[in-house]
Every structure is written in C-alpha cells, then in structure tokens.
Amino acid sequence: MTTTVDRGTRMERESKVDFDEFVAARTGRLLRTAYLLTRDHDLAEDLLQTALTKAWFAWGRIDGEPEPYVRKVLVNTYASWWRRKWRGEEPTETLPDGPTTAADGPVSQDLWTAIGRLPRRQRAVVVLRYFEDLSEAETARLLDCSVGTVKSQASKALAKLRVDPALTEQTDDAMAREAR
C-alpha cells in the first residue's frame, strides 16, 4: 500500500513540476491573449488565473501539447464571463485613469478603441487570427465554431474597422498632412 501512495505522490509532484514549467514558459503569451480579449489588465490576469486553475485540475488528462488546451479554456472562460448578465461594472461620475499598459501613440490607442467597439465574438476572432496569428482552423477550434463562422466574423469585424470613426479620422488627418 505504501508503494501505491508513494507512486501517486511522485506522479503528482512530477505533474506539478510540468505544470509549473508550462506556466513559467507560457504565462506572458497567454496573458497577452487574455488582455487582448478583455482590454483590461486586471481582468486579463483574473481570466488567466481562472483558466490556469481549470487546467491544473485537468493537467493529468491533457494529451500532447497543453497550450492549445489552456488557450481553449481561456477563450471559453472569457465567453462564459461575457454571457453573464452582470459584468462587475459600476458607473461613476469621474472617468478612471487610462489603460494600465502604455500605448505606442495615438494611432495605437485609436486601434484599441475601435477593436473595443467590436462585438465580443468578432473581437475574439480578430485577437486570435491577427494578434495571436492563429489559423482559421485553430481559431474555429478554440471558439468551438466552424471555419466559415471564423471567416464571416473576421470579414464583418474588418468591415466595421474600416469605417470606424476613430480609424477613418486618423486616416483623413494623415492624408491631409501628406497633401500639404
């Protein structure tokens, strides 16, 4: 009986080491995905922590490379959060400080503003396809939809971004400067 307990404890320790190594190696990339989905640094950290907690409980059952599994848990957790009626937002009279990450400049801020106006499903497709550089098939698998849905959501999102006032004003300003 002692050998069974020792073997189980050893396997649990080895699994923990593998999980710890995975977290150390991939946290930055997964946190970036979480931030791009939520557009809020604190919420992104919460999302990643929740996804990693869920992955920890399934760690022994994950076959092959764990990153796609954890990324799918991340996206599914994000989707379940935005399906909830209450989002934890409270209106205030004063605006909070700007984003916690440094923007590269006004164009970058305008892009984030425009992406923030997209519906959540379209934002998820844009983040996964263009910021995380995943294929249409990988994006479809993560979002649990068809490749055709990914294509149509990406098309609709890009069409909305093309006519977004924050981006078209910037383009108009740049064209006016070039004309001078």
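The values are calculated or read from the model by the stated rules, or taken from the named source; none is laboratory data. Computed from a predicted model, the values in this text were never measured in an experiment. Cβ atoms come from the backbone with ideal geometry, glycine included; neighbour counts cover every protein chain shown. These area figures cover heavy atoms from the full protein model, side chains too; ligands, DNA and RNA do not enter into them. Shrake-Rupley method; radii C 1.70, N 1.55, O 1.52, S 1.80 Å.
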Margin query: Just the residues that are free of Cβ contacts under 8 Å to residues at least 40 places away in the same chain, under 11 Å from the mean Cα position of the chain (by Cα) and on the phi > 0 side of the Ramachandran plot, please, taken from region 14-67.
Written below: none
Notebook entry, point to check: Does Arg71 fit the bill of being surrounded by 11 or more Cβ atoms within 10 Å (Cβ to Cβ), modelled with pLDDT of 90 or more and either more than 25 Å from Gly116 (Cβ to Cβ) or under 18 Å from the mean Cα position of the chain (by Cα) (or both)?
Noted result: yes
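To keep it simple, each residue is scored yes or no on (1) open to solvent by less than 30 Å² (accessible area, probe 1.4 Å); (2) touching a strand residue (DSSP E or B) at 6+ places or on another chain (Cβ under 7 Å); (3) modelled with pLDDT under 85.
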position: Ala124; (1), (2), (3): yes, no, no
position: Leu134; (1), (2), (3): yes, no, no
position: Glu138; (1), (2), (3): no, no, no
position: Asp144; (1), (2), (3): no, no, no
position: Thr149; (1), (2), (3): no, no, no
position: Ala157; (1), (2), (3): yes, no, no
position: Arg162; (1), (2), (3): no, no, no
position: Ala166; (1), (2), (3): yes, no, yes
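Among the residues of region 91-103, is any at pLDDT 60 or above, in a helix (DSSP H, G or I) and farther than 18 Å from Gln153 by Cα? Don't jump to the end; show me each part of the working.
At the first step, the residues of region 91-103 found to be at pLDDT 60 or above are 91-97.
Now restrict to residues that are in a helix (DSSP H, G or I): none.
There is no residue in region 91-103 that is at pLDDT 60 or above, in a helix (DSSP H, G or I) and farther than 18 Å from Gln153 by Cα.
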Notebook entry, point to check: Within region 119-164, how many residues turn out to be part of a helix (DSSP H, G or I) and under 16 Å from Tyr69 (Cα atoms)?
Noted result: 8
Check: Which residues, counting only those in region 31-41, are in a helix (DSSP H, G or I), closer than 14 Å to Trp81 by Cα and charged (D, E, K, R)?
Finding: none
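Would you tally the residues in region 21-44 being open to solvent by 80 Å² or more (accessible area, probe 1.4 Å) and under 20 Å from Ala79 (Cβ atoms)? I'd like the intermediate steps shown before the answer.
Taking region 21-44 and keeping what is open to solvent by 80 Å² or more (accessible area, probe 1.4 Å), we get 21, 24, 29, 32, 39, 42.
The next check asks that each one be under 20 Å from Ala79 (Cβ atoms); those that pass are 29, 32, 39, 42.
Qualifying residue count for the region: 4.
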